[in-house]
Amino acid sequence: METRIFENKEAVAKGFSAYLSDLIDSKSEIHIALSGGSTPKIVFDELAAKYREKIDWKKVHFYWGDERCVPPSDSESNFKMTQDHLLSKIEMPAENVHRIQGENDPSQEAKRYSEVLQKHLPAESGMPRFDLVILGMGDDGHTASIFPDSIDQWEAKDLCVTVAHPVSGQIRVSLSGGIINRAETVAFLVTGKSKAEKVREVIRKEGNFDSYPASLVKPESGNLIWFLDEDAAADLR
């Protein structure tokens, strides 16, 4: 595990964007699972502004770690956020964008998206493998859309699962833990003071860490990087 700490969330976005550009440059083709949330939004803005011409987007394939079960035009859609802040501003082949279709029946979509991953991801030992999975972490320690009250879904046999948000009841489609931990690299993007306690517990294995889905992110490759701002990393000092 590696931690990279930056002054603020804007610096996190700059640091991660530079890291991502170098990673893409090192590959002939790359398959990336994206995250929703406020920090990825700033990353997408940075990529659109500074890397639109620098990155060869034709060799990049985008997927999503989770999606709310809403139409792609809905303001809560992770796809829409990516479309608005990045995809609409770069030249990327439409066939390289593999979105979770949140407007579909959730159970059927989880099955369909699992098939998409099987078809398009490169295989390692017969199993589909992302080059990079980008994750966030909620104040409750959830990641992707696996929440503490649905933590058993992490170990699901299927590549994708359906989960209900514990407060709103909104249904989401999420990657399960198996395919996340098979990724070549997993990167957490976490900012803000409200995350500091959970960041400390998860990274240092303290408190109730094992009840937080984020603590189950343990890529088989060993390549786990936390991109944190000083507020999120405050309790690590």
Where the second residue is of a type in the set (Phe, Trp, Tyr) and surrounded by 23 or more Cβ atoms within 10 Å (Cβ to Cβ) and the first is more than 21 Å from Gln153 (Cα to Cα) and lies in segment 66-78, which pairs have Cβ atoms under 7 Å and are six or more apart or on separate chains? Pro72/Phe79
Here the qualifying pairs (Cβ atoms under 6 Å; residues six or more apart or on different chains; first in segment 185-208 and under 19 Å from Ser38 (Cα atoms); second of a type in the set (Lys, Arg) and assigned to a helix (DSSP H, G or I)) come out as Thr191/Lys9
Please tell me if Ser145 is of a type outside the set (Val, Ile, Thr), modelled with pLDDT of 95 or more and within 19 Å of His120 (Cα to Cα). no
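Filter segment 189-237 for residues that are under 11 Å from Ile5 (Cβ atoms) and out of contact with any strand residue (DSSP E or B) (no Cβ under 9 Å at 6 or more places or on another chain); which is least open to solvent (accessible area, probe 1.4 Å)?
Of all residues in segment 189-237, those under 11 Å from Ile5 (Cβ atoms) come to 190-191, 199, 226-234, 236-237.
Add one more test, that the residue is out of contact with any strand residue (DSSP E or B) (no Cβ under 9 Å at 6 or more places or on another chain), and what stays is 231, 234, 237.
Numbers: Asp231: 65, Ala234: 50, Arg237: 182 Å².
Once the filter is applied, the top-ranked residue is Ala234.
Can you report the number of residues in segment 114-128 which are outside any helix (DSSP H, G or I) and either at pLDDT below 95 or not hydrophobic (A, V, I, L, M, F, W, C) (or both)? Steps first, please.
Filtering segment 114-128 down to residues outside any helix (DSSP H, G or I) leaves 121-128.
In the following step, the residues that additionally are either at pLDDT below 95 or not hydrophobic (A, V, I, L, M, F, W, C) (or both) were identified as 122-128.
Residues flagged as outside any helix (DSSP H, G or I) and either at pLDDT below 95 or not hydrophobic (A, V, I, L, M, F, W, C) (or both) within segment 114-128 amount to 7.
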Taking segment 129-144 and keeping only residues that are assigned to a loop (DSSP other than H, G, I, E, B) and either open to solvent by 60 Å² or more (accessible area, probe 1.4 Å) or more than 13 Å from Ala214 (Cβ to Cβ) (or both), one is left with Arg129, Phe130, Asp131, Asp139
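The values are calculated or read from the model by the stated rules, or taken from the named source; none is laboratory data. Please read all numbers here as calculations on a predicted model, not as lab measurements. Here Cβ is always computed from backbone atoms with ideal geometry, including for glycine, and neighbour counts include all displayed protein chains. Each accessible area value is taken on the protein alone, full model and side chains, heavy atoms only, with ligands, DNA and RNA left out. Shrake-Rupley method; radii C 1.70, N 1.55, O 1.52, S 1.80 Å.
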